[in-house]
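Undergrad: The following block contains the structure, expressed as structure tokens.
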Amino acid sequence: MAKKRDVVLAVNERPTLGQWFGLSLQHMFSMFGSTVLVLILVGLNPGIALFSSGVGTLMYILITRHKIPAYMGSSFSFIVPMIVLMKTTGYPGIAQGTIAVGCVYLIVSLIVSAIGADWIDKVLPPIVVGPIVMVIGLSLAGTAAKDATMNGNTYDLKFFLVALLTLLITIIFNMFFKGFLGLIPILLGIVGGYLIACAFGIVDFSGVQAAHWFSLPNFQIPFVNYHPQFYWGAILSMAPIAFVTMTEHLGHIMVLDELTGNNYFKDPGLNHTLAGDGTASIIAGFVGGPPVTSYGENIGVLAITKVQSVYVLAGAAAFAIFFSFVGKLSALIESIPSPVIGGISFLLFGVIASSGLRVLIERHVDFDKKRNLMIASVILVVGIGNAYLKLGQYEFSGLAVAAILGIILNLVLPEEARSEEK
């Protein structure tokens, strides 16, 4: 049984209509900036991010038997291979990678159902997960710098000033505000940076003026919008990263256990939570979205507001689906200039990298051990340097290669080097 907590709305408690409207909007806006930013960075339509996150969340709630208050949003962990694939295969390759990620989750959920989850820690200990997460953030540093400084192929000081001011606004909201405003610093940073960019005269409103109020998201459905074919490089570039995002998934479940006083590893069970996450990604891949995962921003809203109702999360998902059909909104998002995105990315990508460092620190990874030093060194340099593997027409990103090498080294290297034996 759940422990008694000082909550406003319990997990299965339904809010009044007025509460439902306001609280659901709050959850939607808390994830809005991050989940849309993934699509902007990759070059996909923002409307599809809202649609896939909303549908994915509803499916997750259904599969977890309405017991877990979690929201599914676009995952940052797959940005690197998606950017590469967008330049080579286009979205069809990303779609196959996204569906493959979901299938990995489903396969692992079946294995967990059969033999439990202890093996996950053996395959993905902190010494593997930490450096891989660092690579995800640091390998994108060049992209952030280019967005913040380059106007086409020319260095533009005006762009850099807009980027720095956007960064400053985001940091201020992070550091000096609390409550709801402190939970949406990315969204507020984008809004503030956008207004500054308008003052500098670098925003093109033509797309917003031409857009219709009602417009279908830019769906990319196989056999409707494109003829699918196998892209093994895309699948093998994205699928291994699913094992990294699973650790984030486990962490979020642990936090939700603590917040709600429930044990979601037992009821509905880790197999159901993994299946819900994987199914959401598969759906996203079939409609034109990126892989999705549970969002820390929304867990933060739960912690501060003490509103844990799954009805509120379902309402947020419904709002996301509704707004995905507002053409003016998608066009407005697409009009955000690159220095605003660059300024946000300075902080965002750094936070991702720092999260990997935090994994190493919190789990007390000992770098005096040669084994740990070897694993981390290989992952960092191969991943950040993008030492990609190309076999014929198939190309595997440096991040995927680094993840695979890290897992292999962890499994084969002895606990102690010969020189360390006493």
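Undergrad: Tell me which helices (runs of 4 or more DSSP H) are completely within segment 70-186 and hold 1 or more residues being open to solvent by 10 Å² or more (accessible area, probe 1.4 Å), out of contact with any Lys or Arg (no Cβ under 9 Å at 6 or more places or on another chain) and small (Gly, Ala, Ser), or say none if there are none.
TA: Here the list reads 91-115, 141-149, 180-183.
Undergrad: Considering each of VAL359, VAL382 in turn, give the residue that is over 20 Å from the mean Cα position of the chain (by Cα) and either over 27 Å from ILE190 (Cα atoms) or part of a helix (DSSP H, G or I) (or both). Reasoning before the result, please.
TA: On the way: VAL359 fails: over 20 Å from the mean Cα position of the chain (by Cα).
Of VAL359, VAL382, the one residue that is over 20 Å from the mean Cα position of the chain (by Cα) and either over 27 Å from ILE190 (Cα atoms) or part of a helix (DSSP H, G or I) (or both) is VAL382.
Undergrad: On to the next question. Can you report the number of residues in segment 187-235 which are under 24 Å from the mean Cα position of the chain (by Cα) and under 19 Å from SER281 (Cα atoms)?
TA: We begin by selecting, within segment 187-235, every residue under 24 Å from the mean Cα position of the chain (by Cα); these are 187-194, 216-222, 231-235.
Filter once more, keeping what is under 19 Å from SER281 (Cα atoms): 217-222, 231-235.
The qualifying residues number 11.
Undergrad: Answer with yes or no whether ALA317 is in contact (Cβ under 8 Å) with a residue 12 or more places away in the chain, closer than 22 Å to HIS249 by Cβ and in contact with a helix residue (DSSP H, G or I) (Cβ under 6 Å, 6 or more places away or on another chain).
TA: It is true that ALA317 is in contact (Cβ under 8 Å) with a residue 12 or more places away in the chain, closer than 22 Å to HIS249 by Cβ and in contact with a helix residue (DSSP H, G or I) (Cβ under 6 Å, 6 or more places away or on another chain).
Undergrad: Looking at (1) on the phi < 0 side of the Ramachandran plot; (2) crowded, with 21+ Cβ neighbours inside 10 Å, which is the one condition that is false for PRO268?
TA: Looking at each condition in turn, PRO268 falls short on (2).
Undergrad: For the condition modelled with pLDDT under 85, assigned to a helix (DSSP H, G or I) and within 29 Å of GLY288 (Cβ to Cβ), what is the one hit in ILE352, ILE304, ILE321?
TA: Result of the check over ILE352, ILE304, ILE321: ILE352.
Undergrad: Being surrounded by 17 or more Cβ atoms within 10 Å (Cβ to Cβ), in a loop (DSSP other than H, G, I, E, B) and not aromatic (Phe, Trp, Tyr): is that true of PRO240 here?
TA: So PRO240 does not fit the description; no.
The values are calculated or read from the model by the stated rules, or taken from the named source; none is laboratory data. Note that the coordinates shown come from a computational prediction; the quantities given were computed from them, not determined experimentally. Quick reminder, even Gly has a Cβ in these numbers, built from the backbone with ideal geometry, and neighbours come from all protein chains shown. To get the accessible areas, we keep the full protein, side chains included, count just its heavy atoms, and leave off ligands, DNA and RNA. Shrake-Rupley method; radii C 1.70, N 1.55, O 1.52, S 1.80 Å.
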